[in-house]
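Chemist: Starting off with a structure, shown below.
Read the figures in this text as sums done on the coordinates, not as results from a lab. Quantities reported herein were computed from a predicted structural model and do not represent experimental measurements. For neighbour counting, all protein chains shown are included, and Cβ atoms are generated from backbone atoms with ideal geometry for every residue, glycine included.
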Amino acid sequence: MFLLDFRPDEITAIKRSRRGATGAAAGSLPLGILTALLLARGRFWGRGALDILVHLPLVLPPVVTGYVLLLLFGRHGPIGHFLEATIGVVFAFRWTGAALASAVMGFPLMVRAIRLGIEAVDRRLEEAAGTLGAPPLWVFFTVTLPLMLPGIIAGTILAFARSLGEFGATITFVSNIPGETETVPTAIFSLTQVPGGDAGALRLTLVAILLSVVALVASEVAARGAARRVAGL
Amino acid sequence: MSLEVDIEHRLGAFRLQARFTARAGLTVLFGRSGAGKTTLVNVIAGLLRPDRGRIAVDGSVLLDTERGIFVPRHRRRVGYVFQGSRLFPHLSVRQNLLYGHWFTPRSERREQLDRVVALLGIGALLERRPGRLSGGETQRVALGRALLASPRLLLMDEPLAALDEARKAEILPYIERLRDEAGVPIVYVSHSLPEVVRLATSLVLLEGGAVVAEGAAAEVMGRLDLSALFGAREAGAFIEARVLGHDAAFGLTRLAAAGGELRVPRLDLAVGSRLRLRIRARDVMIADRPPQGLSALNALAGRIAALRLEEGAIAELALDLGGERVLARVTRQAVHDLALAPGREIYAVIKSITFERQNAAAFEESSEI
């Protein structure tokens, strides 16, 4: 059956995609929660600017985002050069770069969902926890965080799904190197550019659909469980 | 134990300026909606930082703006039962109960889960989630949660407001047990006179953000100058009574009050039980001699302590019935015709008594007698 007859570089692309998307979603989660907290509850100068900065990748053409990443995180970019010199991490033309591009593109969606989750938390419950003797940090970990879980789940799944589909920023930032930075979307794109690539493109398309469905079902199940918990049932 | 409060706070056009002292027992903060009751307890709990003031519990200072002291809420050890229970929805009843207990230093833990669970009758609910509790159960768990943090002071902000009469009747006995057995002083916000009569040891009256009176509950409610605050329909004092016995033939219960004996429709109470009877000013008639040929059963002898003529046809009297205060609302013409004046000996004919029947569906009812 040609549909299951994956070629090695297609398998690699699938693995890279999954690993990149997982890394992007999981790696950006702490920063996503922190940013969402700052935007939902912070009262500081520059909050509006932060809000705009976070949302930029959502509205900018992905190619522009990818190019900015290349300028900043490329081997000669200020951040890329610094990271390579200090901790030896290279983003340019590596799978880590693909993950970074995915994380940046998924970040606005993640922050938006988590922020909605935070705004749904009844602050009076935090007051109650305080009167029961819980210091602020404990209140956050025992009351706020569990109650914003539906938002965190939604945000993570959205970021994961966005990462799976990331194309423009990835191909601009890290190009499409088979076995290194090639992901399912970029692989499909290059397969459609060569004669006889139709079967491979179709196989990868089915894989993309399958991954998306699994992600959506998983998020639905997790979100329902979390919502029940938050409702006190 | 004592709680001293002296604070000032401005919220927009509203100005709260309150100074009072609460001692052991249950102190009701009474006032209309918007009088500043909730703001005041929020300040005591540390949820709100007032512009100026000082708060101390047993001499330990929680707030002193002059000396720059503001103890954060989690270090005050002031329990708070909120109007909506504010149980944590993601935790079980047991976890909710133990939440504050866990944060209480071991040496300061006075309450144990078993004792509180027994006191509040919530043993069957421990593994449930808050979303699966009835309104009355929810409030009992909230009470237990606050109690298990072993607070030095317990604040209760209209804990019964969201409940129907039957649920109120279910909770009141537990609050009484807390007041009498747990030994924690309670500050209880309410705008319900039945609750005041049932629970209050002392009473602090709030009006427009200021304390207008404070003192023993019976004393404050018996003051003529304050009766307007309770409303013309509801104003009236309460007296203490004891069950003397039951009269099977007529279905009555005989009660001993300081001013004499009263008879009311049969109460389901043992001989010797104590209860408080609320007597509304509009339910008291005045006679200048022992009344005869009246259907009313209850006439107590006493003396007029004070008289206040109101605008229009109405006059209000404060009566001294064997040392207890009762208010009466009569016409100015009656004052003139009967030559009513302070010091005059009179008989108070009580047309209706409002009391609570313990363990009954409605926690307060009136009897025409």
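Chemist: Charges on Cβ only, +1 for Lys and Arg, -1 for Asp and Glu, centred on the Cα centroid of the protein assembly as shown; of B:GLN83, B:ALA217, B:VAL330, which one is farthest towards the dipole's positive end?
Modeler: The listed residue farthest towards the positive side: B:GLN83.
Chemist: Could you check the spin-label model distance between A:GLU180 and B:SER134? Points 7 Å from the Cα along Cα→Cβ, value in nm.
Modeler: Between A:GLU180 and B:SER134, the label points sit 7.1 nm apart.
Chemist: What is the angle, in °, between the Cα long axis of helix A:47-59 and the longest principal axis of the Cα atoms in chain A? Nearest 10 is fine, range 0 to 90.
Modeler: With rounding to tens, the tilt is 30 degrees.
Chemist: Sort B:ILE239, A:ILE52, B:ILE171 so the one with the fewest other Cβ atoms within 10 Å of its own Cβ comes first. Kindly include the intermediate steps, with their values, before the conclusion.
Modeler: Numbers: B:ILE239 26, A:ILE52 10, B:ILE171 20.
So the residues, fewest neighbours to most, are A:ILE52, B:ILE171, B:ILE239.
Chemist: For chain B, the longest stretch holding no GluC sites (Glu not before Pro) located in a DSSP loop with at most 14 other Cβ atoms within 10 Å is which? Before the final figure, lay out each step's value.
Modeler: Working: sites that count: B:GLU66, B:GLU127, B:GLU310, B:GLU311.
The longest such stretch corresponds to B:128-309.
Chemist: Rounded if a/c is under 1.5, else prolate if a/b is larger than b/c, else oblate: which is the protein assembly as shown, with a ≥ b ≥ c the root eigenvalues of its Cα gyration tensor?
Modeler: Values: a/c = 3.58, a/b = 2.84, b/c = 1.26.
Verdict is prolate for the protein assembly as shown.
Chemist: Then there's this: Say a paramagnetic label sat at a point 7 Å from the Cα of B:ALA161, along Cα to Cβ; which residues of the stretch B:179-201 have their backbone N under 16 Å from it?
Modeler: B:187-196
Chemist: Quick check on the stretch A:19-231: take the gyration tensor over C-alpha atoms, sort the square-rooted eigenvalues as a ≥ b ≥ c, and tell me if it's rounded (a/c under 1.5), prolate or oblate.
Modeler: Numbers: a/c = 2.66, a/b = 1.58, b/c = 1.69.
In terms of gyration-tensor shape, oblate.
Chemist: Of A:ILE152, A:ALA98, A:PRO136, which is farthest on the positive side of the dipole of the stretch A:19-231, counting Cα position, with +1 on Lys and Arg Cβ, -1 on Asp and Glu Cβ, and the Cα centre as origin?
Modeler: About the Cα centre, the residue reaching furthest to the positive side is A:PRO136.
Chemist: Continuing with this model, one more query. Assigning unit charges at the beta carbon (Lys, Arg +1; Asp, Glu -1) and nothing else, what dipole magnitude in debye, to the nearest 20, does chain B show about its Cα centre? Working shown, then result.
Modeler: Numbers: 51 positive and 43 negative charges, 231 e Å.
Computed about the Cα centre, the dipole is about 1100 debye.
Chemist: Continuing with this model, one more query. Which of A:SER212, A:SER190 has the fewest other C-beta atoms within 10 Å, and how do the rest follow up to the most? Before the final figure, lay out the partial values.
Modeler: Working: A:SER212 14, A:SER190 17.
In increasing order of surrounding Cβ atoms, one gets A:SER212, A:SER190.
Chemist: To the nearest 0.05, what FRET efficiency results for B:ARG23 and A:ILE79 with a Förster distance of 56 Å applied to their C-beta separation?
Modeler: Values: r = 65 Å, r/R0 = 1.16.
Calculated transfer efficiency: 0.30.
Chemist: Checking the a/c ratio against 1.5 first, then a/b against b/c, what shape does the Cα gyration tensor give for chain B? Walk me through the intermediate numbers first.
Modeler: Working: a/c = 2.54, a/b = 1.52, b/c = 1.67.
Oblate, since a/c reaches 1.5 and b/c is not below a/b.
Chemist: Same structure, new question: Among B:SER352, B:SER190, which comes first, second and so on when ranked by fewest other beta-carbon atoms within 10 Å?
Modeler: Values: B:SER352 17, B:SER190 23.
The order, fewest Cβ neighbours first, is B:SER352, B:SER190.
Chemist: Specify the angular offset, from 0 to 90 degrees and rounded to the nearest 10, of the alpha carbon long axis of helix A:8-41 from the longest principal axis of the alpha carbons in chain A.
Modeler: Rounded to the nearest ten degrees, it is 20.
Chemist: What FRET efficiency do you get for A:LEU31 and A:LEU206 if R0 is 41 Å and r is their Cβ-Cβ distance, rounded to the nearest 0.05? Each step should come with its number before you reach the end.
Modeler: Details: r = 33 Å, r/R0 = 0.82.
Plugging the Cβ-Cβ distance into 1/(1 + (r/R0)^6) gives 0.75.
Chemist: Here is a follow-up. Report, in deg cm²/dmol and to the nearest 500, the calculated mean residue ellipticity at 222 nm for chain B, where each DSSP H run with n ≥ 4 adds -39500 (n - 2.57) and the sum is divided by the residue count. Don't jump to the answer; show the numbers that get you there.
Modeler: On the way: 9 runs with 77 residues, N = 369.
That calculation yields -6000 deg cm²/dmol at 222 nm.
Chemist: Compute the distance from the alpha-carbon center of the stretch A:69-120 to that of the stretch B:13-86, in whole Å.
Modeler: Taking the Cα centre of each part, the stretch A:69-120 and the stretch B:13-86 sit 49 Å apart.
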